[in-house]
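This report refers to the structure that appears directly beneath it.
The values are calculated or read from the model by the stated rules, or taken from the named source; none is laboratory data. Everything numeric in this text was worked out from a predicted model, so none of it was measured. Here Cβ is always computed from backbone atoms with ideal geometry, including for glycine, and neighbour counts include all displayed protein chains. Just so you know, the surface numbers come from the protein's heavy atoms only, side chains and all, with ligands and any DNA or RNA stripped out. Shrake-Rupley method; radii C 1.70, N 1.55, O 1.52, S 1.80 Å.
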Amino acid sequence: MLNNITLKNLKIGAKFNLLLILVFIISILGSGVALSSVLQRRAQNEVSSQAEILIQMVNAVRDYTQNRIAPLLEPRLDTSPTFLPEVIPTFSSKEVFENFRKKPEFKNFFHKDATLNPTNLADKADNFETQLVERFRNEPNTLEITGFRKLSEGEVFYIAQPLKITQAKCLRCHSTPDQAPKSQLLNYG
């Protein structure tokens with residue numbers, strides 16, 4: 001037969017032990033939550049740091065293409081029967097990034113120059129990216145947006161930065177069809 005034991009019937013030592021156990025359990029749970037939060041922030045900072053290096057690498061490839069490769073290929077744009085995508089800084093940066101992703105430790109990194117009305121449909125912004133593009137348009141002083149988004153593969157961390165066409169020579173391909181190279185119109189319409 002079991003006797004009903006109530007808190008009133010326990011001696012002071014037993015009450016003290018119960019209180020210590022309760023404090024110990026609450027401390028462990030609180031420490032676990034705090035440690036999880038710290039580790040999550042640390043992992044996010046590490047990914048952000050690596051991503052920032054990759055973003056700067058992509059920008060360097062764009063600059064190199066725009067300043068060194070494009071001047072060599074641009075004279076051929078109007079005479080070539082096919083468009084030379086290597087003249088486009090974004091094309092070069094994508095190609096280099098995809099080669100970079102072939103390394104197993106970087107296969108989970110993705111890069112996309114999401115735009116609302118792209119020439120290359122691979123750059124077409126999805127609904128989530130469209131919201132980011134609109135936010136950059138509406139908030140011109142915003143230079144970066146970070147967060148998490150859900151994809152079919154699971155939740156992923158993202159870093160978004162605005163992509164602005166600032167040089168007049170880029171407007172040849174990024175303005176009206178009458179300004180575009182003939183080979184570009186043949187390929188993309």
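Where helices (runs of 4 or more DSSP H) fall wholly inside the range 70-174, the ranges with 3 or more residues that are free of Cβ contacts under 8 Å to residues at least 60 places away in the same chain and surrounded by fewer than 14 Cβ atoms within 10 Å (Cβ to Cβ) are 70-77, 127-138. For the range 24-40, residues that are among the aliphatic types (A, V, I, L, M) and under 25 Å from the mean Cα position of the chain (by Cα) total 2. Among the criteria (1) within 24 Å of the chain's Cα centre (by Cα); (2) under 20 Å from Gln179 (Cα atoms); (3) among the acidic types (Asp, Glu), the one Glu98 does not fulfil is (2). The set of residues in the range 50-68 that are open to solvent by 60 Å² or more (accessible area, probe 1.4 Å) and of a type in the set (S, T, N, Q) comprises Gln50, Gln56, Asn67.
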